[in-house]
Structures are given as structure tokens and as C-alpha cells.
Amino acid sequence: MAQSSSAGSPCVIMVPVRALAYPALLVACAVGAFAVASLLAFWIAVRPPRIAIPLAPADYGLAPEPVSIAADDGVILSGWLVLRPGAPAIVFLHGYPADKRDMLPLAAALSPRFTTLLMDLRYFGQSGGHATTLGLRERRDLARVLDFLAARGISRAGVFGFSLGGAVAIMTAAEDPRIRAVVAYAPFADLESLGHELYFWLGPLKYPLVRLMTLWGRLFLGGDLMQPSPLGAARALSTPVLLVHSREDEQIPFRHAERLRAALAANARAEFYFPERGRHGELPPDFTARVAAFFAAHLGRDGRGPALSHNTPGASGGNPGPADRTR
């Protein structure tokens, strides 16, 4: 209320404390609710429900050797190894939130000519870990997988990665020269942009939401989930890389591939295959043959086995390939 003083004295405006307290309380509640919502979104992102993949090695005539590899932080990583003596190796990394079974069709198609190692990324499948770190620790995990192959006498290795697995492959290859070739199928360019796209419906609130999720990553996972990014790694990558991305990808938009292609402009050994049609993870008719030829060209042709054709399992046109349902 307003109260006048005696003549010649200034007028003093007295505002009840409650009139200020209520708006401040509402703002505090709104900010708190938003912070809680961002924390919930973070935990859903790093601890997503796992999807069931009804595939088994026996379905493809494979009898892999189960392997367990200890990560730097003690997490046990689970894999399947199909050894082809004298042949170079391909490490297969699945998408999010799948597991190594999702790689079986393609791995089975390539196994006559290459040693194949299908890995569960941390948290997924049979691997340990309380959460996925979306590439932060997975890069070091892949380095330990390369250590495992080296201990088995395999020095020529490439990596096939789908979606999250492709992002991990690009980031690790920029740091580890033991990776001699990479095929990255539908990787994201950077998590921050992907987060903005996933939460587009929040409008301008998507920006603080993603930044808060970055903060939660530092607090709970011990690092910045946004750095390094596949985009930054691609600029420094000289390893042969085949980037594959459908222009119709509904989960990771094609603009991620466009940004990665620009970042790879200085890499004379970068190749690009952008099918006009196909959902996220859907294999075009010549996909398997292209992948096999790329790895053979850069890893060597010592692997013995039949040439791949479009009739090879996992290479049929339009069939869902690595997790049509994952990121």
C-alpha cells in the first residue's frame, strides 16, 4: 500500500512481503521442476529400457567364442568372437539401445572372409556398467577391445558401427591408429544437436534442458558427454572411412551426415554412400557387398571365403538391418 508522509517528506511505497514472496516462490518451483525434469530426461537417456532382439548366432550357423574384456574402470564387456585364422578382424558395434545380437546378420555375411568380433557396448546386452555414457567411456572401451585382438595376434582391424556405435568408431579412430578402416552407418554428428532435435517440442526450453543434462553427465558420469564429438573427431580423421546414411532417416536426420561429410573434406580416403530411401537401419540392396569391398580394400584380402553377393544373408534389399529400431 502507499502511505504519504508529512508535507515536504518523500512518499514511501510499502509493498507487502507476501506480494513479492509468492511470485518468487512460483519461479523457484518452476526452476526446480525444470531441473528435476532434466534429471529425469538424463537418466532415461543413459539408462534406457533395453530392447529384445530375437536373434541368436545359431540362426546364422555361427558358433562364436564368448569373450569378456575388462574396461579401464573394471566394467566387463561381453562379446562374441568368430575367428578366421590369418584374416583381418572387424569389430561390430551396435546402436542404442540394442545389443550385439543386432549385428548378427551383417557379421554372419562377412564372417567367411574376416574374423568378426561382436561387442555389447557398456550397459547393453551382457556387458556390465550402470549406464551408457553415449561415447564418453565407450571410446576407451573400444581401445581395450583392440588390445584384446592384439593379444590374440590380430593387428589388422576395422570397425563397423551403427548409430551410436558408428559415432564411437569415428571418435576412437581419430585417437587410435590401430583402427585401419571404419564403416559408420547413421552416426550422429554431435549429441548437443541431436538433443535439440529430440526435444524440439520444448521450443526454446530445449537449450537449457540439454545444458542441464550435460551438467548431470559431469556430476554422475564424470565427464562431458558432448565432448569429444564425432564431428570434431572427423576433422582430424585420416583413417579410411565409409560414411553411410539414408536421406530418409527418421531418427538421426540426414543433416548429421552432411555435417560429417564437410568435416571429412580433408580426408582423401573418406567415402560416402547416401541412399535416397530407407529408414534408420534399413539396408539398401548392395549394402553388404559395399561394406565387404571397403574392408577388403583397406584391411587386406587374406581372409578366405566366398565372394559376397546380394543373396548373402543380411544383404537383401529393403530388409531391416542393424536395428531399424535403435539410435
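Since every read-out is calculated from the coordinates, none of them should be taken as a lab result. Keep in mind it's a predicted model, so treat the numbers as computed, not measured. Cβ atoms come from the backbone with ideal geometry, glycine included; neighbour counts cover every protein chain shown.
Annotations for the structure displayed:
- Estimated FRET transfer efficiency when R0 is 45 angstrom, pair Ala70-Leu26 (beta carbons, to 0.05): 0.35
- Annotation: the residues Asp141, Asp190, Asp176, Asp72, sorted from fewest to most other C-beta atoms within 10 Å of their own C-beta, follow the order Asp72, Asp176, Asp190, Asp141.
- Mean Cβ count within 10 Å, highest first, over the residues of peptides 101-114, 146-159, 35-48: 101-114, 146-159, 35-48
- Distance from region 150-169 to region 31-45 (C-alpha centre basis), Å: 34
- Extension gain, Trp201 back to Arg144 (0.36 nm per residue minus Cα-Cα distance, nm): 16.6 nm
- Region 201-257: C-alpha gyration tensor shape, a/c 1.5 cut-off, then a/b vs b/c: oblate
- For the listed peptides 208-215, 130-137, 62-69, a ranking on the average number of other beta carbons within 10 Å per residue, highest first, reads 130-137, 208-215, 62-69.
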